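The values are calculated or read from the model by the stated rules, or taken from the named source; none is laboratory data. Keep in mind the model is a prediction, meaning the values are calculated, not measured. Glycine also receives a Cβ, built like all others from the backbone with ideal geometry; neighbour counts cover every protein chain displayed. Surface areas here come from the heavy atoms of the whole protein model, side chains and all, with no ligands, DNA or RNA. Shrake-Rupley method; radii C 1.70, N 1.55, O 1.52, S 1.80 Å.
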Amino acid sequence: MVDSVACYERDGTIVYVNPRTCEIFGRSRDALEGQVLWLVFPEARDNAFHEVFEHVARTGETRRFEHLYPPWGRWYDNHIYLADERVWVIARDITHEKQAAQRLDILANASRVFASVASEARTGFEVIARHVAELIGDMCSIRLLSLDRKVFDPPLGIWDVQPSYREMLQGNVSIGASEAIGPMVVESGKPFIMSSIDPRAVAERIAPSPRRDLVEKLGIHSVMVVPLKAEGGVVGIMSVCRRLSGTRAPYADADLKLLEELADRAALVVSQWRTLGRVEDARLQLATITDALPVLVSLVGRDLRYRFVNAMYERWFGRRREDIIGKSLEEVMGRDAFLAVEKQVQPALAGERAQFEVRVPYAVAGPRHIRSTNTPYYLEGRIEGYIALVQDITVEKAHEAQLQRWEQLFQHAGWGVAMTEPITHTLIAVNPAFARMHGYGVEELRGRPLADCVAPESRAELAQHTHATHADGHHQYETIHLRKDGSRFPCLTEASAFRDDAGKVIYYAANFQDITERKRYEAELRAAIATRDEFLSIASHELRTPLTALDLQLDGLQRAFERASVTEDRAKFARKVAMAARQADRLGSLIDGLLNVSRLEGRSFPLELESFDLVGLVQEVVQRFDAEAERSGSAVQLHVPEQAPGRWDRSRLDQALTNLLSNALKYGGGRPIEIRVVDAGERVAVRVRDQGIGIAREDRERVLGRFERAVSSSHYGGLGLGLYITNEIAQAHGGSIEIESEPGQGATFTLSLPRHTPEKERP
Ligand code: ADP
């Protein structure tokens, strides 16, 4: 293109213009030559061009510079010099070169801006809008469709070269090309260009409103809209507007190209954003789900470092998730724990889904039994690691072991154990011992009613026993059980009811003991006792017969001797005979004791009741002991009422009193003995008190028992039967024996009797 050439006087008077200059100035040569430039184009006076012109005119220096002439929006390369006192201006329109360079700048800038798709990219969009507005339009906006594609979101970036319009636009998001043309471009996916719009005509189509005023004010003259294409569709638009006030050439191809180029880049960013958003959503979902699981969930890389862990990890390992991710298994779980699982994770890395249970000595969490399921994790066909699902089964394992021990106990117990269903009473489980004792196999019994194992005659009781077990929770009973072969055996059963939390019985469990042997022993024992009692009874009778004869003989001897003449040895001889008689007496009472025991054991203890005075009996017994009392050194004091009549067995009470008095003499330590008869209306009591060795508290009950003694046999002779017999006699009369004693201070025995023995007491 030809350069513009013009010649001016120093004051700006136009001397000469070539045709190109006329073209640029838009005036004819005649209209220009002779005129002052600053008067024809007053706006040129405030321009850089004017300054340089003046400088050259004044100094005569030559100047060359590029400048933008805003009124025309064009760039010029000016060469200004002074020749023959005139100012020559040779100018070349370099607008195209300039714009091309600027386009390249914008694209480079856009690439840089969009390369970072972080949140600042939003301000990046504004930067792009600004460059575009400044280069090819007055206003530029970039807007996205909402996710439902129905409306446009507020602009990602918007710019107007006029600051006042900029402010206006920022508050009015729906102004601009988006209104009418936007949906069209979204629909077609093609650019749309519209020139020579009459803003007034547009405004007229809008009802009077602030928006209509705005449209009118903006005075849009032309628009160019291109689609933002991403993910196989249109996601938004980028638009450029020019206003009436600007004098602009129609949009060039290069303008459209630039806009499309930028739109493509913006769309790429948007699609990246959306992908990132989806990834983030998925990540959030994954975290939410896995955090809610009561197991450890992790993704472990080939390098055995954690890539992802759920919240459970924080609890187990006591550190934050961020501290775990990127760390190796060994660092997180501790060396010993790592050694325990190291081999187990290999199959998953080799592409095999593997499950294993192992005890792991975790450094922080302590030793735990875990069940781990490892699934290989593939990325683009390559194993990148594995996904581990780890359950803590420590408690489960402990229960299992415990259960195993119980199971063993159940299986190997010597006693039969069985569980029954609470409604049908069928056997749910039996152990081998139970099956064996009934002559069945374990499997044969399962599901059968327990009653099948009980003798028909005992089945009726079974319901009562079950009832008692239900009521008391625990019940012990004996029944006759039935074997498969029809034979019977006695069985001791201890049953318990097991309930759920609501108190409902879920099953009964019982252990069963074959007590055939025990029963036999018991029978044998009873037989042995009977034999012994029989022996005792026979023996005492047998012993009694010669003793009676001996007694008679001694008696006769004594009387014959008394009648005989006096010799020197008579007194000595008499003493010996008396001693022999006493020994015979003693032997007699021992035999009586034995005889009584056997009678008492045999329950053949009939009372021969008669009415008599107890005081009389007491006096008689005491009298009988006169000689013995004298020998022992204990004086016997009697405190009795006139009489104490009643109805008792005379000979039995004689025996009882004899026992008490002979004990008082034996254990009385030679000190005085006091016998008191107390007549208290319905009851009569005889109290025998000595001041001898006494009986320790712990022995007091015991000495009333058969063969029970509280002294050593080397010091005191005796069979330990006297008090036993005395107590039996008292009880047979409906009475009792009471002992009060202080060891070393003597003892008081009180025989207390109802005045009239009830006839029914001992049939
Ligand atoms: P025995 O006198 O033959 O041992 P008993 O049945 O009469 O049998 O007495 C049982 C035990 O009671 C005696 O061994 C003795 O330890 C104690 N005992 C009985 N009477 C007295 C008493 N008056 N003083 C102290 N101990 C007594």
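Normalised by the residues of the chain, what does the relative contact order come to in percent, with Cα pairs under 8 Å and at least six apart?
Working: 1242 pairs, mean separation 35.4, N = 763.
Dividing the mean separation by the residue count of the chain yields 5 percent.
Could you tell me the extents of region 278-355's C-alpha atoms along the three principal axes, largest first, rounded to whole Å?
Principal extents (Cα only, largest first): 35, 30, 22 Å.
Once the Cα gyration tensor of region 591-677 is diagonalised, what are the square roots of 5 times its eigenvalues, in whole Å and ordered largest first, as equivalent ellipsoid semi-axes?
Over the Cα atoms of region 591-677, the ellipsoid semi-axes are 25, 19, 9 Å.
Per the Cauchy relation, a quarter of the hull surface: what is the mean projected area of the convex hull of the alpha carbons in the chain, in nm²? List each step's numbers first, then the result.
Numbers: hull surface 308.6 nm².
That works out to 77.2 nm², a quarter of the Cα hull's surface.
Helix check for the chain. Which DSSP H runs span at least 18 Å along their own axis by Cα, with a mean Kyte-Doolittle hydropathy no less than -1.0?
Values: long enough: 95-115 (29 Å, -0.33); 121-136 (22 Å, 0.57); 253-292 (58 Å, -0.03); 394-412 (27 Å, -1.19); 459-472 (20 Å, -1.07); 516-563 (70 Å, -0.57); 570-601 (46 Å, -0.09); 650-667 (25 Å, -0.44).
Those that clear 18 Å and a mean of -1.0 are 95-115, 121-136, 253-292, 516-563, 570-601, 650-667.
Restricting to the chain, compute how many DSSP beta bridges are antiparallel as a %, nearest 5. Each step should come with its number before you reach the end.
Working: 131 of 136 bridges.
Among the beta bridges of the chain, antiparallel pairing accounts for roughly 95 percent.
Less than 24 Å apart at the alpha-carbon level, and either on another chain or at least 8 residues along: which lysines does that give for Lys217?
Once the sequence-local lysines are set aside, nothing remains near Lys217.
Over all pairs of distinct alpha carbons, what does the Kirkwood formula give as the hydrodynamic radius of region 184-254, in Å?
Numbers: mean 1/r = 0.0739 Å⁻¹.
Roughly 13.5 Å, rounded to one decimal.
Summarise the long-distance tail of P(r) for region 1-159 by giving the % of C-alpha pairs beyond 24 Å. Mind dumping the intermediate values first?
Working: 6164 of 12561 pairs.
Taking all Cα-Cα pairs of region 1-159, the fraction more than 24 Å apart is 49 percent.
Using only the Cα atoms of region 650-745, each taken as one equal point scatterer with no solvent, compute I(q) by the Debye sum, divide by I(0), and report log10 of the ratio at q = 0.15, 0.19 Å⁻¹.
-0.59, -0.98
Which of the peptides 382-390, 639-647, 233-241 is most tightly packed, and how do the rest follow, going by the mean number of other Cβ atoms within 10 Å of each residue? Don't jump to the answer; show the numbers that get you there.
Values: 382-390: 18.3, 639-647: 15.1, 233-241: 24.0.
The packing order, highest mean first, is 233-241, 382-390, 639-647.
Using a Förster distance of 30 Å, how high is the FRET efficiency between Asp3 and Glu204, based on the Cβ-Cβ distance and rounded to 0.05?
On the way: r = 46 Å, r/R0 = 1.53.
The computed FRET efficiency comes out at 0.05.
Sorting check: for 494-500, 404-410, which peptide has the highest mean count of neighbouring beta carbons within 10 Å, and how do the rest follow? Don't jump to the answer; show the numbers that get you there.
Numbers: 494-500: 15.1, 404-410: 11.3.
Result, highest mean first: 494-500, 404-410.
How much accessible area per residue does the chain have, in Å², with a 1.4 Å probe? Numbers along the way, then the final one.
Details: 41910 Å² over 763 residues.
Ligands and nucleic acids excluded, the figure is 55 Å² per residue.
Consider just the alpha-carbon atoms of region 690-740 and return their Rg together with their Dmax, both in angstrom.
Cα radius of gyration and Dmax of region 690-740 are 11.5, 36 Å respectively.
Apply the a/c threshold of 1.5 to the C-alpha gyration tensor of region 1-75 and tell me whether it is rounded, prolate or oblate.
Details: a/c = 1.40, a/b = 1.17, b/c = 1.20.
Judged from the Cα gyration tensor, region 1-75 comes out rounded (a/c under 1.5).
If the reach is capped at under 20 angstrom between alpha carbons, list the lysines near Lys229, excluding any in the same chain fewer than eight residues apart.
Reachable lysines: Lys150, Lys190, Lys257.
Of Leu617, Pro347, Val300, which is farthest on the positive side of the dipole of the chain, counting Cα position, with +1 on Lys and Arg Cβ, -1 on Asp and Glu Cβ, and the Cα centre as origin?
The listed residue farthest towards the positive side: Leu617.
For region 314-388, what value does the Rg/Rh ratio take when both radii are computed over Cα atoms and Rh is the Kirkwood radius, given to two decimals? Present the calculation step by step, with values, prior to reporting the outcome.
On the way: Rg = 12.9 Å, Rh = 13.1 Å.
Rg/Rh: 0.98.
Just order 663-670, 356-363 by mean Cβ neighbour count inside 10 Å, highest at the front, would you?
Details: 663-670: 20.1, 356-363: 15.9.
Peptide ranking by packing, descending: 663-670, 356-363.
If you take the Cα atoms of region 382-435, find Rg, then find the Kirkwood Rh from the mean of 1/r over all pairs, what is Rg/Rh? Can you show the working numbers first?
Working: Rg = 19.8 Å, Rh = 14.5 Å.
Result for region 382-435 is an Rg/Rh of 1.36.
Helix-only estimate, please: 222 nm mean residue ellipticity of the chain, summing -39500 (n - 2.57) across DSSP H runs of length 4 or more and dividing by its residues, to the nearest 500.
Working: 26 runs with 333 residues, N = 763.
That comes out to -14000 deg cm²/dmol.
Between Thr62 and Ser188, what FRET efficiency follows from the Cβ-Cβ distance if R0 is 60 Å, with the result rounded to 0.05?
Values: r = 55 Å, r/R0 = 0.92.
Given R0 = 60 Å and the Cβ-Cβ separation, E is 0.60.
Which three numbers, in whole Å and largest first, are the semi-axes of the equivalent ellipsoid of region 309-461 derived from its Cα gyration tensor as √(5λ)? Each step should come with its number before you reach the end.
Working: eigenvalues 545, 59, 38 Å².
The answer is 52, 17, 14 Å, longest axis first.
What part of the accessible area of the chain, given as a whole %, is carbon or sulfur when the probe is 1.4 angstrom? Please list the in-between numbers first.
On the way: 22220 of 41910 Å².
In the chain, the share of accessible area belonging to carbon and sulfur is 53 percent.
Quick one: give the max-minus-min coordinate of the C-alpha atoms of region 434-520 along each principal axis, largest first, in Å.
Principal-axis extents of the Cα atoms in region 434-520, largest first: 41, 29, 21 Å.
What value in Å³ per residue do you get for the convex hull of the alpha-carbon atoms in region 69-156?
Details: hull volume 10.8 nm³, N = 88.
Spelled out: Cα convex hull of region 69-156, divided by residues, is 122 Å³.
How would region 628-669 be classified by its alpha-carbon gyration tensor: rounded, prolate or oblate, with rounded meaning a/c under 1.5 and the a/b versus b/c comparison settling the rest?
Details: a/c = 3.39, a/b = 1.64, b/c = 2.07.
The shape class here is oblate.
With charges only on Cβ, +1 for K and R and -1 for D and E, what is the dipole size of the chain about its Cα centre, in debye, rounded to 20?
The dipole magnitude comes to about 840 debye.
What span do the alpha-carbon atoms of region 473-580 cover on each of the three principal axes, reported in whole Å from largest to smallest?
Projected onto the principal axes, the Cα atoms of region 473-580 cover 100, 38, 14 Å.
Provide the gained length on full extension for the span Ala398 to Leu552, in nm with one decimal, where the gain is 0.36 nm per separating residue minus the Cα-Cα distance. Intermediate values should be presented prior to the final figure.
On the way: separation 154, 0.36 × 154 = 55.44 nm, distance 8.57 nm.
Between Ala398 and Leu552, full extension yields 46.9 nm more.
Using alpha carbons only, what's the Rg to Rh ratio of region 227-341 with Rh from Kirkwood?
Details: Rg = 25.4 Å, Rh = 18.7 Å.
Radius of gyration over Kirkwood radius for region 227-341 works out to 1.36.
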